[in-house]
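Here the structure is laid out as structure tokens; the discussion comes afterwards.
The values are calculated or read from the model by the stated rules, or taken from the named source; none is laboratory data. Everything quoted here is computed from the prediction, not taken from an experiment. A quick note on method: Cβ atoms are made from the backbone with ideal geometry, for glycine too, and the neighbour counts reach across all protein chains shown. Please note that ligands, DNA and RNA were not included when accessible areas were found on the heavy atoms of the full protein model with its side chains. Shrake-Rupley method; radii C 1.70, N 1.55, O 1.52, S 1.80 Å.
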Amino acid sequence: MPGFELFGDKERNELNDVLDNGVLMRYGFDGMRNGHWKAKELELELENQLQVKHAQLVSSGTAAVSVALASAGIGSGDEVIMPTFTFVASFEAIMMLGAVPILVDIDDTLTLDPKAVKAAITPKTKAIMPVHMCGSMANMDALQAICKEHHLLLIEDSSQATGATYNGKPLGSIGDLGCLSLDFVKIITAGEGGAVLTNNEKFHTHADHFSDHGHDHKGNDRGAETHPFLGYNFRISELHAAVGLAQLRRLDEFVAIQKKNYTIFREGLSTIPEVTFRTVPIGGEESYSFLSFFLPNLETTRKASAALKEAGVDACFHYYDNSWHYIREWQHLKKLKTLYPLSQEVKDGLDYLQTKTFEQSDHYIGRNISCLIKLSWTEAEVKVRLEKMVEAIKNSL
Ligand SMILES: *Cc1c(COP(=O)(O)O)cnc(C)c1O
């Protein structure tokens, strides 16, 4: 990760198909487009590769989460359970619909702790949204059982785990709905883009219409289409879809490179007794886009993080002090800094953030470092990097 490291002729050729006829929009203009339907092709490719009945492309991963929730009827008055360790997009997408994000602890998988999820369920809970961070996954069997027992929807955010599987199934295809990001730093990039995955016919129809102003997409006269319900514009362009199409065809190649590099790092770091690795749920196989490990305590982890930077080892993240991925520094959320007035319902719903603490999440994120696995490294570069990592970590203990 990220796929942009290996941008080349395949991506350029798909893009040139679009440029040759100039139809940059995914819908309509049938006569002009010379048979090129890149968004449709990419949706088919997603359905094949991720083993799901329906894929709906949208403009971003954040949009994918909002569209997925809206398609399942989640909005005002509803609560969605999500993890403390994720990307800010998770709560943004929930709040955009007037629903309330309920943040709960993670465990040593670095994803939702099923026990914390159970404890957070209220009569307002409508969905549980695990976020498969850094290439690995939540315990989906446990979460599915909770959803079944409490009649809740399971919505996966697998933006960071495309290419990972659980019990042989691609992440994103397991829940009622799955969300992907195709942004510039993800394993498969379209520049910008996202997708909603589902096996549910109704949710798919909703996602298809909602992401394009409610258009029913029937017939071939866009102006004559009806609008069964209100929507917005979360469309992807043909330009983005063309790049995403070429990239998605390379998913297996990308995962194999990541696995090779990851394995070298993992074996090397395993020689340090104080280093332990994140738990991958039984039946899970990572996408190998990150190597995530734990050190003994917050202090050594801070020291190691600084030492890695000093040694020139980039892209190793200690999320505890980071304002993008972990609750601790999300001041704008805790202080509800919005440009526009929030509904009283959402304000009241988020009041818990003033007092709630997340000791269990702090315990894991405080001791965690996650290192990005790049696609473009040579084996020699990986080995030099590993040597630097081992030295920096040992010196910090
Ligand atoms: C990248 C990301 C998103 C949002 O994707 P965008 O395409 O950048 O909007 C959502 N969730 C997670 C976990 C992500 O990493």
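A few notes on this one:
- Checking the stated criteria, Ser211 turns out not to satisfy the condition of being open to solvent by 10 Å² or more (accessible area, probe 1.4 Å), within 16 Å of the ligand (Cβ to nearest atom) and in the same structural domain as Ala142 (by TED's automatic domain parsing).
- The residue of region 84-98 that is surrounded by the most Cβ atoms within 10 Å (Cβ to Cβ), among those that are more than 9 Å from the ligand (Cβ to nearest atom) and in contact (Cβ under 8 Å) with a residue 60 or more places away in the chain, is Phe85.
- Matching residues in region 363-386 - criterion: being touching a residue at least 24 places away in the same chain (Cβ under 8 Å) and open to solvent by 50 Å² or more (accessible area, probe 1.4 Å): Ser376, Glu379, Lys383
- Across region 27-41, the qualifying residues are those that are within 16 Å of Ala246 (Cβ to Cβ) and either in a loop (DSSP other than H, G, I, E, B) or among the small types (Gly, Ala, Ser) (or both), and the one among them that is farthest from the chain's Cα centre (by Cα) is His36.
- Residue tally, condition in contact (Cβ under 8 Å) with a residue 12 or more places away in the chain and charged (D, E, K, R), over region 324-355: 3
- Near pairs, Cβ below 8 angstrom, 6+ apart or cross-chain, from region 263-284 (under 13 Å from Thr109 (Cβ atoms)) to any residue that is of a type in the set (Val, Ile, Thr) and open to solvent by less than 70 Å² (accessible area, probe 1.4 Å): Arg278/Thr109; Thr279/Thr109; Val280/Thr109; Pro281/Thr109; Gly284/Thr165
- Look at (1) near the ligand (Cβ under 10 Å from one of its atoms); (2) touching a Phe, Trp or Tyr at 6+ places or on another chain (Cβ under 9 Å); (3) open to solvent by 10 Å² or more (accessible area, probe 1.4 Å) and you find that Asp183 fails only one, number (2).
- The residue that is nearest to Phe29 (Cα to Cα), among those in region 204-230 that are free of Cβ contacts under 8 Å to residues at least 40 places away in the same chain and hydroxyl-bearing (Ser, Thr, Tyr), is Thr226.
- Test for Cys134: is it open to solvent by less than 30 Å² (accessible area, probe 1.4 Å) and more than 16 Å from the ligand (Cβ to nearest atom): no
- Counting residues in region 293-300 that are under 28 Å from Gly168 (Cα atoms) and not assigned by TED's automatic domain parsing to the domain that holds His36 gives one or more.
- Region 148-171: number of residues that are surrounded by fewer than 24 Cβ atoms within 10 Å (Cβ to Cβ) and hydroxyl-bearing (Ser, Thr, Tyr): 1
- Residue tally, condition part of a strand (DSSP E or B) and of a type in the set (Asp, Glu), over region 140-184: 3
- Screening region 288-329 for residues that are among the small types (Gly, Ala, Ser) and under 15 Å from Lys388 (Cβ atoms) and picking the one that is surrounded by the most Cβ atoms within 10 Å (Cβ to Cβ) gives Ala304.
- Across region 1-21, the number of residues qualifying as within 25 Å of Gly223 (Cα to Cα) and open to solvent by 50 Å² or more (accessible area, probe 1.4 Å) comes to 1.
- Annotation note: of Leu24, Leu44, Leu69, Leu50, the sole residue that is open to solvent by 50 Å² or more (accessible area, probe 1.4 Å) and farther than 16 Å from Ala246 by Cβ is Leu24.
- Helices (runs of 4 or more DSSP H) lying entirely in region 298-362 (those with 3 or more residues that are more than 24 Å from Ala119 (Cα to Cα) and more than 26 Å from the chain's Cα centre (by Cα)): 298-310
- When Lys383, Lys347, Lys356 are screened for being over 30 Å from Val80 (Cα atoms) and at pLDDT 95 or above, only Lys383 passes.
- Hits in region 165-180 (condition: within 13 Å of the ligand (Cβ to nearest atom) and either over 18 Å from Pro281 (Cβ atoms) or small (Gly, Ala, Ser) (or both)): Gly172, Gly178, Cys179, Leu180
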